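Enquirer: Structure provided below as structure tokens; questions to follow.
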Amino acid sequence: MNCSPDLMEAYVDNELDASQRAALEQHLAACSACSDALARLQTLQGEIRASAPYFKAPSGLRASIVDTLRQEAAPPSASSPQAVLNLWRGIAIAGVLLVASLSWNLAQLRMKTRPDQIAQELVGDHIRSLIGTHLLDVPSSDQHTVKPWFAGKLDFSPDVRDLSAQGFPLDGGRVEYLSGRRVAALVFHRRLHVINLFIWPGALPGGEKHLARDGYNLLGWSDGVMTYWAVSDVSPPELETLRALYR
Amino acid sequence: MLKERAPARLVSLSVRLFRKPAVPVQSRLELFEETILPHLDSAYNLARWLMRSDADADDVVQESCLRAFRFFDGFRGGDGKAWLIEIVRNTARTFQQRRGRDSAAVPFDETTHTLGAPDLEQHVADRERVGLLHHCIERLPVDFREVLVLRELEEMSYREIASATGLAIGTVMSRLSRARKRLEDCAHRTEEVSQ
């Protein structure tokens, strides 16, 4: 076992499970370098908690907030100018939405070709993964944790690699439902950018594809057995670097 | 697939715009007091560490609670603390950006910003009073300070911090680790200077 700083910090932060704790404690007993490093971390943690005050909310704050909220919550009378304004605002929003929805549907009709649909679904999924809390089902940078996690959730086994050394650290993975099937989504990051790599079995008709949608770049390829789609806001050459590492 | 859903969404949105609130106003406030306001201390502690002043922390928390109350219909149960903290964090950022613009407009005046001898003594005394590490934490970049405060003072788990900040767990871990490294360095440096 190597006692990486990450592992030590996860230990002092109570983030290890029982078996990981036990393994580390066994190692600590034999390794003075690691137990020194751990002691330093624990001392620092103790000092931080002792010297950094916890600022409690001042006593009047809660009451003053509740006061403000009570005013905010008071319902405006039905004929007040504010209510009329709100009604018009609602009608205006509904109108804008109607026009937007019609033109969007028309646009959808126009680009009904298959790669476009997939690209749209992929970008949609990528964006949802960033704005929601559902980026990772299995948060781990360890490929040997992520790969087994997919077993039993998918009818295939995706190729999971940690490319930290090449500048694409693995954050983890999740299962997604795309184009009518379950697919694997691996999450890498490149500097501050998130890359979703979607994997499912089958060849990619028409070979490799470069696409751009809504400011995101997509690169699709196939190794004959699996189809891969990388989606991110990094530049196309960086996606190609990822593909090259995956071959 | 999406095409069929869009009109349905439009209908539900218009219905939401026009119907009366489903929850009576009074109980909405009560619900808010029960689920969100118990985390007021956590909200204030984070705001105070991010803004580094009592008055600013007060403003940020007031504004955050008002925003939280306005968006309360979007809160679907779950972790009220993480939800409030996320709003405090965003509000503090907005305040700091606004502040950044204001202070950029005021030219830096050497004479008013140089510490005179009495000020310097006061400064050193203050520093001893609040303690070395406190001084170092306040000087951490805000991205590091926030994860450190959430971990060490709020005792939140990596996952809770990730959900409250919208950061990936890996990012939370690396920021926390760098915050600790910087704190150690800062404490050593300051000790040497004062000896």
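Enquirer: On average, how many beta carbons from a partner chain sit within 10 Å of the beta carbon of a residue in B:155-166?
Expert: Working: counts 3, 1, 3, 6, 3, 0, 0, 4, 1, 0, 0, 5.
Mean partner-chain Cβ count within 10 Å for B:155-166: 2.
Enquirer: Report, in debye and to the nearest 20, how large the dipole of the range A:125-233 comes out about its Cα centre when Lys and Arg carry +1 and Asp and Glu carry -1 on their Cβ. Intermediate values should be presented prior to the final figure.
Expert: On the way: 11 positive and 12 negative charges, 23 e Å.
Taking the Cα centre of the range A:125-233 as origin, the dipole is about 100 debye.
Enquirer: Using alpha-carbon pairs under 8 Å, 6+ residues apart, how would you state the relative contact order of the range A:113-246 in percent?
Expert: 18 percent
Enquirer: Can I ask one more? Based on other C-beta atoms within 10 Å, arrange B:Y44, A:Y177 from fewest to most.
Expert: On the way: B:Y44 24, A:Y177 10.
With the fewest neighbours first, B:Y44, A:Y177 line up as A:Y177, B:Y44.
Enquirer: Using a/c under 1.5 as the rounded threshold, could you call the range A:113-246 rounded, prolate or oblate? The axes a ≥ b ≥ c are square roots of the C-alpha gyration tensor eigenvalues, and prolate needs a/b larger than b/c, oblate otherwise. List each step's numbers first, then the result.
Expert: Working: a/c = 1.29, a/b = 1.13, b/c = 1.14.
Judged from the Cα gyration tensor, the range A:113-246 comes out rounded (a/c under 1.5).
Enquirer: Also, I was wondering about something else. Show me, for the range B:42-56, the HN-Hα J-couplings you get by feeding each phi into the Karplus relation (A = 6.51, B = -1.76, C = 1.60, θ = phi - 60°), rounded to Hz, glycine and proline as x.
Expert: 4, 4, 5, 4, 5, 4, 5, 6, 6, 8, 6, 8, 4, 5, 5
Enquirer: Lys/Arg Cβ at +1, Asp/Glu Cβ at -1, dipole of the range B:23-103 taken about the Cα centre: which of B:V61, B:L29, B:M51 is farthest positive-ward?
Expert: After comparing all options, I get B:M51.
Enquirer: Follow-up question, since we're still on this one. Please list, by residue number, everything in the range A:164-197 whose backbone N is under 18 Å from a paramagnetic label point 7 Å out along Cα→Cβ of A:Q120.
Expert: A:177-181
Enquirer: How compact is the range B:23-103 by the rule of thumb for globular proteins, expressed as Cα Rg over 2.2 N^0.38 Å?
Expert: Details: Rg = 13.1 Å, N = 81, 2.2 N^0.38 = 11.7 Å.
Normalised Cα radius of gyration, the range B:23-103: 1.12.
Enquirer: Once you've got the GNM for chain A with C-alpha springs shorter than 10 Å, pick whichever of A:T227, A:T43, A:T68 has the biggest mean-square fluctuation.
Expert: A:T43
Enquirer: So for the pair B:N90, A:L85, with labels modelled 7 Å out along Cα→Cβ, what separation do we get in nm?
Expert: Modelled inter-label distance: 2.3 nm.
Enquirer: State the extension gain, in nm to one decimal, for the chain segment bounded by A:A100 and A:L178, taking 0.36 nm per residue of separation less the distance between their alpha-carbons. It would help to have the intermediate numbers written out before the result.
Expert: Working: separation 78, 0.36 × 78 = 28.08 nm, distance 2.52 nm.
Computed gain between A:A100 and A:L178 is 25.6 nm.
Enquirer: Normalised by the number of residues in the range A:188-247, what is the relative contact order in percent for Cα pairs under 8 Å and 6+ residues apart?
Expert: Relative contact order of the range A:188-247: 33 percent.
Enquirer: Which value in deg cm²/dmol, rounded to the nearest 500, describes the helix-derived mean residue ellipticity at 222 nm for chain A, given -39,500 (n - 2.57) per DSSP H run of n ≥ 4 and division by the residue count? Could the numbers behind the result be given before it?
Expert: Working: 8 runs with 121 residues, N = 247.
The per-residue figure over chain A is -16000 deg cm²/dmol.
Enquirer: When a/c reaches 1.5 or more, the comparison of a/b and b/c decides; with that in mind, is chain A rounded, prolate or oblate per its Cα gyration tensor? Walk me through the numbers before you get to the answer.
Expert: Working: a/c = 2.86, a/b = 1.09, b/c = 2.61.
Note, shape of chain A comes out oblate.
Enquirer: Within 10 Å of each residue's Cβ, count the other Cβ atoms and sort A:M8, B:M173 from fewest upward. It would help to have the intermediate numbers written out before the result.
Expert: Numbers: A:M8 20, B:M173 23.
In order of increasing Cβ crowding within 10 Å: A:M8, B:M173.
Enquirer: Hey, another quick one. So how do A:I199, A:I93 line up by other beta-carbon neighbours within 10 Å, fewest first? Working shown, then result.
Expert: Details: A:I199 22, A:I93 13.
Neighbour counts put them in this order, fewest first: A:I93, A:I199.
Throughout, read-outs are computed from the coordinates displayed, never taken from laboratory work. Quantities reported herein were computed from a predicted structural model and do not represent experimental measurements. Here the Cβ is made from the backbone with ideal geometry for all residues, glycine too, and neighbour counts use every protein chain on show.
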